[in-house]
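To keep things clear, I will list the structure first and then write my remarks on it.
The numbers here are math on the coordinates, done by the rules we state, and not lab data. These figures come from a predicted structure and were not determined experimentally. Glycine gets a Cβ as well: all are built from the backbone with ideal geometry, and neighbour counts include every protein chain shown.
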């Protein structure tokens, strides 16, 4: 008799459990105010109803590094020297120079809109004076050297590069075997004569020296 009672109790418990699960999947619950409250965890990623979310997010790097935070805390009272705005593509298991880039072909140094660099004062790159202003920045990669190009055609899409508006070109060395970066990254690093714009992706690193 005890065994039958035990089996009966187990059956009732399973029935109640199944009923609860079935109810939660079929309709949302209602709180004390009468509002429906969705308690089901969504299996699909949340979607932005106003604009699609880009898998290559836009990023911005300043020199001095973290300039907006320094300004907010009154740690600095002078304008920044420069900033770069770009979108960060990532490898996603792909090989950089087989699936993504090709030697000898222009690359926008990022994704989406053309990468933009702004100088808030006159600077020098490889002994050439660059006036303060906004510029497009793109690259022509080769195995051991990248050519960095300044271009005046701002506010454009990165795949539509008008080389007739190039201002100057700067060949710089590129090294491999560095720490691997999943996301393309651009940051400024201080030097004795100014700063370098460091560009890194996969195990490649290139540096553009900027004097000021």
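Some points to look at:
- Semi-axes of the equivalent ellipsoid for region 58-211, Cα gyration tensor, largest first, Å: 24, 18, 15
- Distance in nm between pseudo-label sites at residue 144 and residue 98 (7 Å out along the Cβ direction from Cα): 2.3
- The stretch between residue 71 and residue 51 holds 4.1 nm of extra length on full extension. This uses 0.36 nm per residue minus the Cα-Cα distance.
- Peptides 106-112, 201-207, 68-74, 151-157 ordered by packing proxy, namely the average of other Cβ atoms within 10 Å per residue, highest first: 106-112, 201-207, 151-157, 68-74.
- For residue 189 and residue 169, the difference between the fully extended length at 0.36 nm per residue and the C-alpha to C-alpha distance is 5.1 nm.
- Alpha-carbon centroids, region 111-160 and region 80-108: separation in whole Å: 14
- Each 10 Å bin from zero holds the following percent of Cα-Cα pairs in region 133-212: 17, 45, 34, 4.
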